[in-house]
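Structure record follows, encoded as structure tokens.
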Amino acid sequence: MPPKSWLPLLWQWAKAADMQSFFFTSQDLSWCKMRDFLTTPAADVFGDKQTSGLPHYRDLGIDDHYTVECAVKHLEGLRESPRPFLGVIQLNTNHYPYNTRENYQLWQGGNVDLYDNTIYEMDTHVGRIIDTLQATGQLDNTLIIFTSDHGEAFNEHGYIAHFYCHFIETVAVPMWMFIPPALLQSRDSQCVKTNLSLAVQNLDIMPTILDSIGAMDNPGTAALRQHMLGQSWLRPIAPDRTLLITNTDEVMNSNIGLSSITGLRHYMIRTSSMPIREDCFDLAVDPTELNNLWPQYTEEQRNTYRKPFFNFAVAAKMIRTALPQVKFSDVPAP
């Protein structure tokens with residue numbers, strides 16, 4: 001029997017639903033043994049930096065044009081297939097050093113301009129994929145989810161890149177979804193529209209996909225679904241739920257800190273600062289996070305932001321180590 005924490009990969013869900021699966025990525029997945037994880041088991045069709053044989057082009061990845069070309073050819077080949085597909089196309093367009101081909105260089109100047117050029121390039125890649133789905137007659141029955149794993153800082157709060165802090169510019173990511181009209185008509189469309197104004201997370205993607213293929217209400221998936229921390233965007237989402245953000249887990253130990261978003265309150269504990277700092281911002285009225293509310297909170301109020309992390313051993317240890325003077329009387333002992 002698998003351990004209680006075991007959850008199937010996306011490819012296993014696809015197989016159970018009799019769907020074809022594919023994964024095309026520009027990334028070098030040797031980092032933190034991600035390749036081993038994502039291929040145990042692998043998608044039916046798999047392509048990454050290693051299988052391409054191409055040199056690095058941007059950060060640890062290859063040129064996205066190759067990846068998109070592979071994905072487009074595969075989608076074109078699926079047009080006559082009677083089986084539905086579930087696939088992931090992962091690009092690295094916006095990674096440092098923000099280099100692009102000449103035809104994407106609309107802006108000249110500093111790193112922000114270079115970064116904007118990569119956004120323009122990303123738009124063209126996504127556009128080509130969508131155009132392919134439309135040309136092959138697949139768009140009307142394909143759910144598309146677009147997102148990222150992090151944002152990028154350009155000295156808004158004294159940090160650059162994305163690895164050194166949890167301010168909103170690094171943890172807020174683009175997230176949009178194309179829902180085929182037929183699928184949307186079978187759902188509460190007002191519920192989906194309401195969710196647009198709420199904070200969501202990447203952990204919601206799996207429940208949303210499962211919901212779209214009819215697996216969320218299947219009694220046979222109940223034991224697996226109860227361990228999922230996300231919620232389907234096709235159903236009502238609790239507006240005051242807490243979303244936890246961390247760069248640290250059992251595989252990678254970083255000293256950046258932790259943060260969470262509850263409603264529209266963004267809490268951070270910056271363990272890389274000396275001294276260690278805690279902050280809280282109201283994103284509804286202070287979206288650029290200039291007014292720190294933390295100094296005016298009582299200790300009881302502060303603990304309401306700290307305690308959700310105690311459900312996870314690594315995060316709990318980080319909190320206890322960072323705040324040895326704080327007594328957490330009503331949380332589990334380590």
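The values are calculated or read from the model by the stated rules, or taken from the named source; none is laboratory data. Note that the structure is predicted; figures quoted are calculated from it, not measured. Every residue, glycine among them, receives a Cβ derived from its backbone with ideal geometry; neighbour counts consider all protein chains shown.
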Query raised in the report: Which one of the conditions (1) in contact with a helix residue (DSSP H, G or I) (Cβ under 8 Å, 6 or more places away or on another chain); (2) free of Cβ contacts under 8 Å to residues at least 12 places away in the same chain; (3) among the aliphatic types (A, V, I, L, M); (4) closer than 29 Å to ASP282 by Cβ does LEU196 fail to meet, given that it meets all the rest?
Result: (1)
Report summary line: The residue from MET177, MET206 that alone is touching a strand residue (DSSP E or B) at 6+ places or on another chain (Cβ under 7 Å) and closer than 30 Å to ALA16 by Cα is MET177
Requested in this report: Can you give me the number of residues within segment 43-88 that are closer than 14 Å to GLN138 by Cα and of a type in the set (D, E, K, R)?
Outcome: 5
Query - Residue within segment 81-92 that is surrounded by 15 or more Cβ atoms within 10 Å (Cβ to Cβ) and either more than 30 Å from ALA222 (Cα to Cα) or without any contact (Cβ under 8 Å) to a residue 24 or more places away in the chain (or both) present - result: yes
Report summary line: Condition set of a type outside the set (Ser, Thr, Tyr) and farther than 17 Å from PRO180 by Cα, scope segment 127-151, selection surrounded by the fewest Cβ atoms within 10 Å (Cβ to Cβ): answer is ASP149
Query raised in the report: Among the listed residues THR25, THR40, which satisfies the condition of being modelled with pLDDT of 95 or more and not small (Gly, Ala, Ser)?
Result: THR25
Query raised in the report: If you scan segment 32-80, which residues turn out to be charged (D, E, K, R), closer than 20 Å to ASN94 by Cα and either touching a residue at least 40 places away in the same chain (Cβ under 8 Å) or touching a strand residue (DSSP E or B) at 6+ places or on another chain (Cβ under 9 Å) (or both)?
Result: ASP48, LYS49, ARG58, ASP64
Report task. Would you check if there is a residue in segment 188-196 being closer than 23 Å to GLN134 by Cβ and within 18 Å of the chain's Cα centre (by Cα)? Result -> no
Requested in this report: State all residues of segment 305-319 that are within 15 Å of MET252 (Cβ to Cβ) and surrounded by 20 or more Cβ atoms within 10 Å (Cβ to Cβ); if no residue qualifies, say none.
Outcome: ALA315, MET318
Report task. Would you please name the residue that is nearest to HIS74 (Cα to Cα), looking only at residues in segment 99-135 that are touching a residue at least 60 places away in the same chain (Cβ under 8 Å) and not aliphatic (A, V, I, L, M)? Result -> THR132
**Report entry** segment 220-270 - residue that is among the small types (Gly, Ala, Ser) and surrounded by fewer than 17 Cβ atoms within 10 Å (Cβ to Cβ) and, of those, farthest from the chain's Cα centre (by Cα)
**Finding:** GLY220
